[in-house]
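The values are calculated or read from the model by the stated rules, or taken from the named source; none is laboratory data. Keep in mind that what you see is a predicted model, and the values were worked out from it rather than measured. Cβ coordinates were reconstructed from backbone atoms using ideal geometry, including for glycine residues, and neighbour counts include every protein chain displayed.
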Amino acid sequence: MEFKTAKLDNGLEIVAEVSETAYSVAIGYFVQTGARDETDQESGISHFLEHMVFKGTPTRSALAVNRELDNMGGISNACTGEESTIFYASVLPELEEKAVDLFSDLMRPSLSKEDFDMEKQVILEEISLYKDQPPFDADEKCREIFFQGHPLARSIGGTKESVSALTIEQMRDYFERQYSSDNITIVACGRVDFNKFVDDVARHCAHWKPYHKTRKTFRPRGKRGTYLMKRKSAAQEYLFQVTDAPCARDTDRYAASLLANILGDETGSRIFWELVDSGRVDYAGLGFQEYSDAGTMCATMSCDPEKISGNLTILRDVFRKAESDGIFEEELERSKNKILSRLVQAGERPRGRLFGVGIGWMQCREYYSVQNIIEIIRNLTVDDINAVLKKYPLSDPLTVAVGPLDTL
C-alpha cells in the first residue's frame, strides 16, 4: 500500500491509497457538507441536493447518467450524513477514467426547477416513511435533544415544513457555497495509476471555483433527562440512551470503539448475554459514533412494552458494573480479535477502504493504513479502556423511548 496526495490550484484535494495487487478501484467524491452545515431554514437541503445531483447535468440527461452507471457495472451510490455527502463507485481499473468523467460532471448538476419540484415530493414521501417507523423517529428526537444548541442537532432529512418551504434559489445558493473546489476531496483506493488519476481529475475539475468557507466546530454539552414519545400503534417499546464519547480527533476513539464492542456488540457482548441471548429483548446493543468535534455512545433496545422496565434495570446494571469493576483482559482480547478481523476483511477490498481513508482525511487530515490501525488497537490495554469509561460514564444518559407506554 502507498498513500499519495495532490492538490489542484483551486484547492481541490486528491488522495489515494494505491495497491498494485488490487483487482478493482474505488473512487469517491467527498463533499464536506451535511446537516450540520445548514441553517434552520435550509434543514434537509444537503440530502435533497444529493438526490438532485443524479437528475442530470448540462451535458448529460438523468437517463444518460443512469445508463452510464449501468454500463460501468460495479457498485455506485451516494449518502448524506451530518458532516459529509459522498458519491462513490467501485469499478474495474480500466474504467477509472470514465468514472472520473461521469462523477466530475455529476458534481456540477443542472439543478432545474422542474426537477426540483418533482424531487421535493419524493423527499417529502421519504420523511413520512421514516416518521412511520418508531426507531427512526426516536433516533432523530434523541439527536435533537442531546445536541441541543449544536449544529449536530439538525435532522439529515429535514422536516416536512423545512423541505416544503425550500426554493430552487436556496438550493443553488447552497450548492455554490458547499460544492466548491476547496470543500471537496476526491479519493481513490485500489489499483490506481495515481499520476493519470490526478491528470484525469484536473482535466475535469480544474475550472471549479473555490469559496473559502469554514465550518465552526466546538464541543457540545450533551443534554440529559428522560423523554417519552407515545405511539399507540407501536407493538414494541423502543429505547435510546445517549452519552458523550471521544470525537474523531481524539486518540481515545480507538479505546471507545473497543469499549462499545465489549459491552454492546451484536454477539458475545455483555448486553448480548444479559438481554438478547436470554430472550428478554428483540434487539439490544451499544454503538460508538464519532464526529469532528463530538462523539456519542448510543445504547438501543426494543422489546415488549411490559418488559421495558425490567430490561432497563438490567441495562443500567451492566453499565454500572462496568464502571465499578472495569473491563477484563479476556474480553478485551476477544474484542480486539473481532474488531481487527472486521477491519482486515473490509480492508481487503478497495471499496472497504474508501470510506475510512476519505472520512479520516476530511475530519483530521490524517491517513492511517490498515497496519497502522492494527498496531494501535493491539497496543491498547485494559487501563486505556477503563480510563475512557471513567472519563465518559454510561450510567448518566439521555433516555428517549417511543412506543405505547405512558410511563417507563
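Please enumerate the residues belonging to segment 235-251 that are in contact with a helix residue (DSSP H, G or I) (Cβ under 7 Å, 6 or more places away or on another chain) and surrounded by fewer than 20 Cβ atoms within 10 Å (Cβ to Cβ).
248, 249
Sort out which residues of segment 399-408 are surrounded by fewer than 23 Cβ atoms within 10 Å (Cβ to Cβ) and hydrophobic (A, V, I, L, M, F, W, C), and write them in order of number.
Our first condition is that a residue be surrounded by fewer than 23 Cβ atoms within 10 Å (Cβ to Cβ); within segment 399-408, this holds for 399, 404-408.
Selection gives 405, 408.
Filter segment 1-20 down to the residues that are over 18 Å from residue 213 (Cα atoms) and modelled with pLDDT of 95 or more and list them by number. Walk me through how you get there before you give the answer.
Residues of segment 1-20 over 18 Å from residue 213 (Cα atoms): 1-6, 14-20.
Of everything in segment 1-20, those that are over 18 Å from residue 213 (Cα atoms) and modelled with pLDDT of 95 or more turn out to be 2, 3, 4, 5, 6, 14, 15, 16, 17, 18, 19.
Having 3 or more residues that are among the acidic types (Asp, Glu) and surrounded by 16 or more Cβ atoms within 10 Å (Cβ to Cβ) is the bar; report the strands (runs of 3 or more DSSP E) wholly within segment 1-118 that clear it.
Working: elements: 2-7, 13-18, 25-31, 75-80, 85-91.
Hits in segment 1-118: none.
For residues that are part of a strand (DSSP E or B) and buried (at least 16 other Cβ atoms within 10 Å of the Cβ), tally how many sit in segment 261-286.
Restricting attention to segment 261-286, the residues satisfying the condition of being part of a strand (DSSP E or B) are 283-286.
With the extra rule that they be buried (at least 16 other Cβ atoms within 10 Å of the Cβ), the set shrinks to 284-286.
Residues flagged as part of a strand (DSSP E or B) and buried (at least 16 other Cβ atoms within 10 Å of the Cβ) within segment 261-286 amount to 3.
Looking at 210, 220, can you tell me which residue is outside the structural domain of residue 135 (by TED's automatic domain parsing), in a loop (DSSP other than H, G, I, E, B) and surrounded by 17 or more Cβ atoms within 10 Å (Cβ to Cβ)?
Values: 210 fails: surrounded by 17 or more Cβ atoms within 10 Å (Cβ to Cβ).
Being outside the structural domain of residue 135 (by TED's automatic domain parsing), in a loop (DSSP other than H, G, I, E, B) and surrounded by 17 or more Cβ atoms within 10 Å (Cβ to Cβ) holds for just one of 210, 220, which is 220.
Tell me which residues, restricted to segment 8-45, are over 30 Å from residue 148 (Cβ atoms) and among the polar types (S, T, N, Q). Show your work before the answer.
Applying the first criterion (over 30 Å from residue 148 (Cβ atoms)) to segment 8-45 yields 8-29.
10, 19, 21, 24, listed by residue number.
Across segment 327-383, what is the number of residues that are out of contact with any helix residue (DSSP H, G or I) (no Cβ under 6 Å at 6 or more places or on another chain), in a helix (DSSP H, G or I), surrounded by fewer than 19 Cβ atoms within 10 Å (Cβ to Cβ) and among the small types (Gly, Ala, Ser)?
2
Somewhere in segment 168-184, is a residue touching a residue at least 24 places away in the same chain (Cβ under 8 Å), part of a strand (DSSP E or B) and surrounded by 18 or more Cβ atoms within 10 Å (Cβ to Cβ)?
Within segment 168-184, the first condition is being touching a residue at least 24 places away in the same chain (Cβ under 8 Å), and the residues that meet it are 168, 170-172, 174-184.
Imposing the further condition that a residue be part of a strand (DSSP E or B) reduces the set to 184.
Of the ones still in play, those that are also surrounded by 18 or more Cβ atoms within 10 Å (Cβ to Cβ) are 184.
Yes - at least one qualifying residue is present in segment 168-184.
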